[in-house]
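Written out below as structure tokens is the structure these notes cover.
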Amino acid sequence: MTREAEIEQELIKKLACLKYSNRDDIRDRNSLENNFREKFDALNQVKLTNAEFERLLEEIVTPDVFASAERLRNWNTFEREDGTPLHYQLVNLKDWCKNTFEVVSQLRMNTRSSHHRYDVILLINGLPLVQIELKALQVSPRRAMQQIIDYRNDPGNGYGNSLLCFMQLFIVSNRSQTWYFANNNNEH
């Protein structure tokens, strides 16, 4: 019987073959945000100050899934400390190969009231866009789907108050069955 950890490692190996960098150093909210900062600065050829980066996070982190998706697709503007505008992008849609593609596993997102762990997350430019929940063969993917929905509906979840707000797609698999569904605002 194949254990979930083995399935996870096989998936990460396949993603590495597709040129995803395995980032086993990203395990918590702080390391996720630091990685995003590094990727943001590189993509936009800028060096934000600590205060600017904190303000940027306050501006872009939102519980509104559609606002996050729109921010991913568009050029955005941020006011620097000196009052000058910074026109930035989160994903390079014109030259997609200039984006960075990474995979993280066993990310723990602790918030004030919840302590969730996510099996595999795909990052583009440091932003978590795809969550993959894996189950052993004898476990129905519906159980993983319910887990995602429970995490998503938890009032203290990271989906509305961290970079997880950029999550676009959920994938669940037990190797024989794979299902996926889009992230939505709760009212949808």
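The values are calculated or read from the model by the stated rules, or taken from the named source; none is laboratory data. All of these numbers come straight from a predicted model, not from anything done at the bench. Glycine also receives a Cβ, built like all others from the backbone with ideal geometry; neighbour counts cover every protein chain displayed. The area values use the complete protein model at the heavy-atom level, side chains included, leaving out ligands, DNA and RNA. Shrake-Rupley method; radii C 1.70, N 1.55, O 1.52, S 1.80 Å.
General remarks:
- Residues of the range 12-46 satisfying the condition of being within 27 Å of LYS135 (Cβ to Cβ), over 17 Å from the mean Cα position of the chain (by Cα) and in a helix (DSSP H, G or I): LYS13, LYS14, ALA16, CYS17
- Options ASN76, ASN44, ASN35: the member that is over 19 Å from CYS165 (Cβ atoms) and at pLDDT 95 or above: ASN44
- Within the set GLN45, GLN9, the sole residue that is closer than 29 Å to ASN153 by Cα and either polar (S, T, N, Q) or open to solvent by less than 30 Å² (accessible area, probe 1.4 Å) (or both) turns out to be GLN9.
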